[in-house]
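The values are calculated or read from the model by the stated rules, or taken from the named source; none is laboratory data. If you're wondering where the values come from, they're calculated on a predicted model, not measured in any experiment. Because the Cβ atoms are built from the backbone with ideal geometry, glycine has one as well, and the counts that use them run over all protein chains shown.
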Amino acid sequence: MQKAGERERHYDCRMPKWLHQPLRAGRNLAEVDGILNGLGLHTVCRSAKCPNRMECFSSRTATFLLMGDICTRNCSFCSVNKGTPQPPDAEEPVKVARASAAMGLEYVVMTSVTRDDLEDGGATHFTAAIEAVREELPAAGIEVLTPDFQGNKRSLATVLMAEPDVFNHNIETVEELYPRVRPMAAYRISLSILGAARTFSPRIKTKSGLMVGLGETREQLHRTFNDLADVGCGILTLGQYLRPSREQLKVERFVSPGEFEELAGDAREAGIPVVASAPLVRSSYRAGELVHRK
């Protein structure tokens, strides 16, 4: 495990200066680590080697990773372990609720590995986690970032009936790059999940995320923005892809902060109301702030 204060490492040398981050350490970081370790919980912050982990832990926030840290898919951008996972821990929802209370969270974000081995893709486990957090922290906002459930709308409805405040499903990249970046997923299935979530309940906000720097073109991004707007996506995050280890895809291009601002304008013009676009933006980065942005 990375030690407090240690700089996050990525495997593309000569990163531009805007991607360099200050070292962070402190009591909060160690305390959050202790809470998570004590309850045996996983976070996407660690498993996906998020560049913002030190900042978020130091601010007493984290994104919980449900149902273990082994994924049944082999997306070529992701550093989460691949293989055959263990059955979900039935006590994990309560543990997440306890950790959320111990960390003093006012906004709880939960995601998961993809569990194609489970009949419902883990939907009932998401529901149990939402209910456990609501019981422990009735005033907290809740955001879920789910897999695509292989397009199964019954699984999606299972999660949405628990009424999270935000339903997030990442489109990740443009349709043309799916065979290389997400070979076990389908762009149109992800769009259909977002569209179905939007029509399920007007109270639940829908959200998605995109990485850039994988070889996509500006025209392809524009088409993706339009597709997301067409299915009612209300919040979009745009961030720079960073290679977490030598086993993942190389970065094709580092996108400048100025271009990220331009892309944010393009996405809003396409009809997505709320856009967070910057090199180090990630799908759950400062999620509690973003959900209240107009």
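Restricting attention to segment 78-91, the residues being buried (at least 18 other Cβ atoms within 10 Å of the Cβ) and either touching a strand residue (DSSP E or B) at 6+ places or on another chain (Cβ under 7 Å) or part of a strand (DSSP E or B) (or both) number 2. Taken over segment 237-277, the criterion of being buried (at least 17 other Cβ atoms within 10 Å of the Cβ), free of Cβ contacts under 8 Å to residues at least 60 places away in the same chain and in a loop (DSSP other than H, G, I, E, B) is satisfied by Val255, Ile272. Of all residues being outside any helix (DSSP H, G or I) and in contact with a helix residue (DSSP H, G or I) (Cβ under 9 Å, 6 or more places away or on another chain) in segment 92-110, which is surrounded by the most Cβ atoms within 10 Å (Cβ to Cβ)? Just the residue, please. Looking at residues that are outside any helix (DSSP H, G or I) and in contact with a helix residue (DSSP H, G or I) (Cβ under 9 Å, 6 or more places away or on another chain), I get Val108. Listed conditions (1) closer than 23 Å to Val109 by Cα; (2) modelled with pLDDT under 80; (3) surrounded by 13 or more Cβ atoms within 10 Å (Cβ to Cβ) are all met by Tyr11, apart from (1).
Considering (1) within 18 Å of Val44 (Cβ to Cβ); (2) assigned to a helix (DSSP H, G or I); (3) of a type outside the set (Gly, Ala, Ser), the lone condition that Thr127 does not fulfil carries the number (1).
Condition check ((1) among the charged types (D, E, K, R); (2) modelled with pLDDT under 60; (3) touching a Lys or Arg at 6+ places or on another chain (Cβ under 6 Å); (4) in a strand (DSSP E or B)) across all residues:
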{"site": "Ala25", "(1), (2), (3), (4)": "no, yes, no, no"}
{"site": "Asn28", "(1), (2), (3), (4)": "no, no, yes, no"}
{"site": "Glu31", "(1), (2), (3), (4)": "yes, no, no, no"}
{"site": "Ile35", "(1), (2), (3), (4)": "no, no, no, no"}
{"site": "Arg46", "(1), (2), (3), (4)": "yes, no, no, no"}
{"site": "Cys56", "(1), (2), (3), (4)": "no, no, no, no"}
{"site": "Arg60", "(1), (2), (3), (4)": "yes, no, no, no"}
{"site": "Phe64", "(1), (2), (3), (4)": "no, no, no, yes"}
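Looking across segment 60-96, the residues that are under 19 Å from the mean Cα position of the chain (by Cα) and among the small types (Gly, Ala, Ser) come down to Ala62, Gly68, Ser76, Ser79.
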